[in-house]
Amino acid sequence: MPAYITRRVLQFVPTLLGVMLLVFGLFSWIGGDPAYLLVGKIPNPEQIENIRRQLGVDQPYYVQFWIFVKQVASGDFGASWATNERVSAIFATRLGPSLIVLLPMLAVSTLLAMAAAMLVAHVRGSLTDRTIMIGCTVGQSISILVYILVLQYVLAYRLGWFPVQGWGNGLAENLLRYSALPIIVGVVVSLAPDIRLYRSFFLEEINQDYIRTARAKGMSETRVMWVHVLRNAAIPIVTNVMIQLPGLLAGAFLIERFFSIPGIGREVILAVERSDFPVIKAVTVYVAIATMIINLLADLLYKAVDPRVELK
Amino acid sequence: MALALVFGCDATPPPHPNSAPGGVPDKVLRVTFQAAETGFDPVKVSDYYSGTVIEAIYDPLLTYDYLARPAKLVPNVAQAMPAVTDEGRTYELKIKRGIYFAPDPAFKGRKRELTAADYAYAIRRFLDPRNRSPYAFLFEGKIIGLDELVSQAKKSGRYDYDAKVAGLETPDRYTLRVRLKAADLNFSHVLAFPLVGAVAREVIEAYGDDSASHPVGTGPYLLKSYTRSSKIVLEANPGYRGKIWDFDPGTDPVNREIAARMAGKKLPLIRRVEVSIMEETQSRWLAFQKGQTDIEYQLADVAPTFMTEDGKLKPEFAARGIKLDRSVDPEIIYLYFNMQERIGGELNPVGGFSKERIALRRAIAMSYNVADQIRIIRKGQAIRAEYPIPPGVAGHDAGYRSYIQYDPRTANALLDKFGYRKGPDGYRTQPDGKPLLVRYSSTPTERDRQFDELMKRSLDSIGIRLAIHKDRFPELIKLENECRLMMRGAAWIADYPDGDNFMQLLYGPNSRQTNGACYQSARYDERYEKSRRLPNGPERDRLYREMTRIMEVDTVWLLTDSRYRNALLQPHVVGYRKHPVLHAEWLYIDLAAPSGR
């Protein structure tokens with residue numbers, strides 16, 4: 001096991017290097033010259049040169065990339081080009097709001113999707129199964145933007161059940177008051193694809209020999225489903241949830257923008273709009289590292305749950 | 001529903017913050033920004049939103065009368081308007097005594113009085129290379145000795161704030177004397193620029209690179225709390241000297257009504273201003289309708305929802321007591337042609353001053369339907385721009401009519417006359433028979449795609465083949481500064497409300513800076529230089545009209561439009577009028593106790 005972990009951690013290095021090369025290349029190629037964004041309305045060549053020098057974009061590409069490598073190694077990505085705020089401070093202050101919304105959202109959507117998926121898998125081929133699957137297909141094909149616009153309008157504006165938007169100072173206020181509607185939107189959006197995916201996990205388990213054996217031995221259907229099927233299907237489900245998390249942090253920008261949540265996703269969009277490379281670099285690298293670590297943990301979890309799994 | 005009950009059921013609107021216990025109104029104004037601020041160090045920002053907050057915190061020497069249109073300069077911290085001598089080369093101002101900075105740990109418990117040296121320091125900071133100020137151009141090349149200080153800093157690596165600058169003197173604690181290299185009758189506008197407020201050197205040195213989060217000024221508000229890109233809370237500065245609302249309403253009935261309610265009141269009347277960053281139009285619109293915000297002016301996308309076609313508030317909103325303040329932004333939007341004969345090494349089909357090239361530019365300009373742009377893209381929320389100086393800005397000529405009007409038939413006739421013949425494919429060639437391809441540059445945004453389509457339709461109507469060149473905004477600016485774009489749509493919003501700020505956009509020496517067309521006309525430049533030596537008045541206006549006609553005859557620009565700014569106000573907002581260049585109107589307004597809420 002330690003050898004396996006060491007090997008996987010060593011594999012992080014070339015993967016991360018690939019990610020860094022990709023983001024660096026893309027930004028250098030299509031990112032545009034940031035000096036022209038920062039110089040103001042009336043630029044002059046001296047000022048543009050001064051900005052380029054201060055940002056380091058006047059250096060040869062290999063020097064800029066080496067600086068990037070050192071930043072990743074030290075974990076210090078410097079300051080935002082647009083606001084001069086330390087990148088570490090951006091993460092420290094924006095991560096909390098994102099997690100306040102995303103963790104409950106993931107928990108609720110996972111539980112609901114698991115329950116629904118188990119139900120439809122159990123009655124596979126029935127009218128209930130077909131109806132829910134058609135509903136999921138339709139639900140999945142609707143843009144998240146439509147969900148946000150409609151739910152914000154109906155639940156917050158028309159019915160007045162939630163604030164239209166906003167963010168407060170305390171955890172309880174944010175979780176119970178301001179995050180409720182964003183969580184509902186997130187749950188509604190993820191429910192359809194999750195049910196479809198989890199249903200396939202449950203079906204795979206239901207069709208296993210050990211389930212047939214359990215039934216043949218007279219075990220109650222409730223016990224078969226809730227103990228044996230659920231326990232085994234839960235492994236790929238948990239893996240799937242964990243793998244989603246890093247991407248969700250950066251990808252929840254639409255929910256954060258519409259509900260004015262000062263989270264990471266919104267900051268990523270701001271950074272892209274402002275060509276704020278230090279923030280873009282940091283987000284890309286952190287998401288890549290988090291994804292790799294979570295993948296490793298998921299593999300270890302497989303092994304822990306099912307000793308037959310061989311780690312190579 | 002169940003979740004709504006578990007979580008924050010919001011069926012009852014939260015109490016309005018102006019309904020404080022005991023009946024004493026605790027005046028809290030709630031407004032929104034549609035984009036995030038970047039910080040509050042005056043020399044380091046260029047965005048509208050940061051500038052608005054800075055305006056509420058810092059005090060420039062001069063400011064503008066709240067109601068006068070065109071905008072009129074008035075003293076702020078200065079005791080009087082500057083004494084301008086030496087034919088506009090020397091400005092001397094005396095500042096009021098007994099004005100103090102808001103308390104801050106940087107002052108180590110002492111009361112810190114505002115002095116003329118604080119303004120001299122603030123001005124020096126704009127040219128400090130380390131600050132890379134977007135507004136350095138306000139002072140670059142203008143003040144005697146200041147550019148030399150920058151040159152020394154480049155050599156030594158240190159910008160010396162203690163070095164003597166001949167053009168920036170403080171003969172005594174309360175007097176600032178600025179000596180310019182050349183006469184500039186508009187320098188008073190620079191001194192009224194909201195970013196040119198006094199900063200205390202101790203504060204800047206104490207906070208270093210984090211100065212953008214620690215604004216300390218002498219203005220009406222101070223920063224109470226700040227969550228970046230999310231919420232900015234300002235509170236009335238308890239040490240503020242106060243102002244009395246004493247503006248002349250003139251004959252405007254709305255202004256007179258405001259004056260009747262506001263005259264004689266001590267400002268500021270709003271105790272607290274809460275600014276929320278809301279990027280999405282739907283969120284801002286719903287929040288305003290729910291009464292969660294008091295003023296909302298960033299709703300152009302949904303304007304037809306609350307406005308009639310003739311620019312009035314729809315009756316259902318008026319019935320709720322909501323008010324509309326409508327004004328035209330001090331901006332011009334225009335299409336420019338690159339006037340050079342060549343772009344890089346290639347011939348520029350739209351450049352130069354031959355009759356054929358002028359005819360081509362004129363025909364393109366006449367084929368472009370500005371009315372469609374306003375109706376379709378702006379959703380009716382703009383006016384046709386006829387003159388390079390927009391309404392509300394000194395020098396604007398409301399009676400001026402451009403020679404260039406939409407007329408595709410005449411445009412086609414003009415091209416036929418000057419030898420641009422149509423080929424079998426329906427597209428024209430150049431008079432010498434070579435292919436004709438016009439390149440129009442824009443960014444890859446949804447809004448610009450609409451402009452591309454309109455341009456394509458226009459040029460198709462006169463048989464000119466169009467190529468759309470797409471690039472990111474900074475790259476377009478870079479190419480523009482190298483005079484390498486053939487045609488592009490541009491906009492200019494007033495830095496200060498004087499015609500000079502607009503007429504300089506076509507001044508030859510400003511090519512590769514603000515003159516995107518790279519227009520070089522001796523006749524235009526001669527008049528522009530003469531206008532710089534004249535104060536605002538009939539003689540300068542005459543020159544501006546001549547310059548505009550010269551530009552039209554050469555057909556350098558097609559002026560298209562200036563956008564409306566529609567501010568929606570809740571019934572309890574009193575005294576609001578959008579000012580052309582002041583954006584933190586919070587200082588001048590009041591909130592009546594909300595009724596029926």
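Taken together, the values in this text are just the output of simple stated rules run on the coordinates, not laboratory data. Computed from a predicted structure; not experimentally measured. Using ideal geometry, Cβ is built from the backbone for each residue, glycine included, and neighbour counts are taken over all protein chains shown.
For chain B, the relative contact order works out to 18 percent when only alpha carbon pairs closer than 8 Å and six or more residues apart are counted.
From the Kirkwood radius over Cα pairs of chain A, Stokes-Einstein at 20 °C and 1.002 mPa s returns a whole-number translational diffusion coefficient of 95 µm²/s. Computed 3J(HN,Hα) for segment B:404-413, one whole-Hz value per residue from the Karplus formula 6.51 cos²θ - 1.76 cosθ + 1.60 where θ = phi - 60°, is 8, 10, 5, 6, x, 5, 5, 4, 5, 5, glycine and proline marked x. Dividing the summed helix terms, -39500 (n - 2.57) for each DSSP H run of n ≥ 4, by the number of residues in chain A produces a 222 nm estimate of -23500 deg cm²/dmol to the nearest 500.
Taking a label point 7 Å from the Cα of B:VAL553 along the Cα→Cβ vector, which residues of segment B:361-380 have an amide N closer than 20 Å to it? Within reach of a label on B:VAL553, which here means backbone N under 20 Å from a point 7 Å along Cα→Cβ, segment B:361-380 contributes B:361-366.
Over segment A:1-124, the Kirkwood radius and the radius of gyration, each from Cα atoms, give a ratio Rg/Rh of 1.16. The mean sequence separation of alpha-carbon pairs under 8 Å and at least six residues apart, normalised by the residue count of chain A, gives a relative contact order of 26 percent.
What's the FRET efficiency of A:LEU103 with A:TYR62 using the Cβ-Cβ distance as r and R₀ = 56 Å, to the nearest 0.05?
So the FRET efficiency works out to roughly 0.85.
If R0 is 51 Å, the Cβ-Cβ spacing of B:GLN79 and B:LEU324 corresponds to a FRET efficiency of close to 0.85. By definition, a body whose alpha carbon gyration tensor gives a ≥ b ≥ c is prolate when a/c is 1.5 or more and a/b is larger than b/c, and the protein assembly as shown fits this prolate description. Taking amide H atoms as placed 1.01 Å from N in the peptide plane, the amide H of B:ILE389 lies under 5 Å from those of B:ASP397, each 5 or more residues away in sequence or on another chain. Relative to its Kirkwood radius, the Cα radius of gyration of segment B:63-146 gives an Rg/Rh of 1.01. Fewest-first ordering of A:ILE243, B:ILE322, B:ILE464 by other beta carbons within 10 Å of each residue's beta carbon gives A:ILE243, B:ILE322, B:ILE464.
Taking each residue as 0.36 nm, the span from A:GLU273 to A:LEU230 lengthens on full extension beyond its C-alpha to C-alpha distance by 11.0 nm. Counting, for every residue in A:163-170, the Cβ atoms of other protein chains within 10 Å of its Cβ and taking the mean gives 6. With each label modelled as a point 7 angstrom along the Cα→C-beta vector, the B:ARG201-A:VAL154 pair spans 6.4 nm. Our summary gives segment A:27-178 a relative contact order of 9 percent, counting only alpha carbon pairs under 8 angstrom and 6 or more residues apart.
Exposure proxy shown here: for B:ASP452, B:ASP160, the number of other Cβ atoms within 10 Å sets the order, fewest to most, as B:ASP160, B:ASP452. Label separation (B:ALA467 vs B:ARG512): 2.5 nm, computed from points 7 Å beyond Cα along the C-beta direction.
Between B:ALA260 and B:ASP416, the FRET efficiency from the beta-carbon distance, with R0 = 51 Å, is close to 0.25. Taking 7 Å steps out from each Cα toward its Cβ at B:LYS155 and A:ALA92 produces label points 4.2 nm apart. Using a/c under 1.5 as the rounded threshold, could you call chain B rounded, prolate or oblate? The axes a ≥ b ≥ c are square roots of the C-alpha gyration tensor eigenvalues, and prolate needs a/b larger than b/c, oblate otherwise. Cα axes put chain B in the oblate bin.
Among A:THR239, B:THR555, A:THR6, which comes first, second and so on when ranked by fewest other beta-carbon atoms within 10 Å?
The fewest-first ordering by Cβ neighbours comes to A:THR6, A:THR239, B:THR555.
Residues whose amide H lies under 5 Å from that of B:LYS72, counting only those 5 or more places away or on a different chain, are B:ASP65; hydrogens are built 1.01 Å from N in the peptide plane.
Given the C-alpha centroids of segment B:102-134 and segment A:22-51, what is the distance between them in whole angstrom? Their Cα centres are 29 Å away from one another. Applying the Karplus relation 6.51 cos²θ - 1.76 cosθ + 1.60 with θ = phi - 60° to segment B:489-494 yields 3J(HN,Hα) values of x, 9, 9, 9, 10, 4 Hz, where x marks Gly and Pro. Mean partner shielding of peptide A:42-51, defined as the number of other chain Cβ atoms within 10 Å of each residue Cβ, is 6. Coupling constants for segment B:74-79 follow from the phi torsions by the Karplus curve (6.51 cos²θ - 1.76 cosθ + 1.60, θ = phi - 60°), and in residue order they are 9, x, 10, 7, 5, 5 Hz; glycine and proline get x.
Shape of segment A:130-247 from its Cα gyration tensor (a ≥ b ≥ c, root eigenvalues): rounded if a/c is under 1.5, otherwise prolate when a/b > b/c, or oblate? Verdict is prolate for segment A:130-247.
Would you mind working out the magnitude of the charge dipole of the protein assembly as shown relative to its Cα centre, with +1 at each Lys and Arg C-beta and -1 at each Asp and Glu C-beta, to the nearest 20 Debye? Could the numbers behind the result be given before it?
Working: 113 positive and 97 negative charges, 158 e Å.
Dipole of the protein assembly as shown, to the nearest 20 debye: 760 debye.
Distant-in-sequence amide contacts of B:HIS469, defined by a placed amide H-H separation under 5 Å and a gap of 5 or more residues or a different chain, comprise B:TYR440, B:SER441, B:SER442.
Students often get this wrong, so check it: of A:LYS41/B:LYS142; B:LYS44/B:LYS94; B:LYS72/B:LYS181; A:LYS41/B:LYS224; A:LYS41/B:LYS379; B:LYS224/B:LYS265, which have C-alpha atoms separated by over 20 Å? Table pairs above 20 Å Cα-Cα are B:LYS44/B:LYS94; B:LYS72/B:LYS181; A:LYS41/B:LYS224; A:LYS41/B:LYS379; B:LYS224/B:LYS265.
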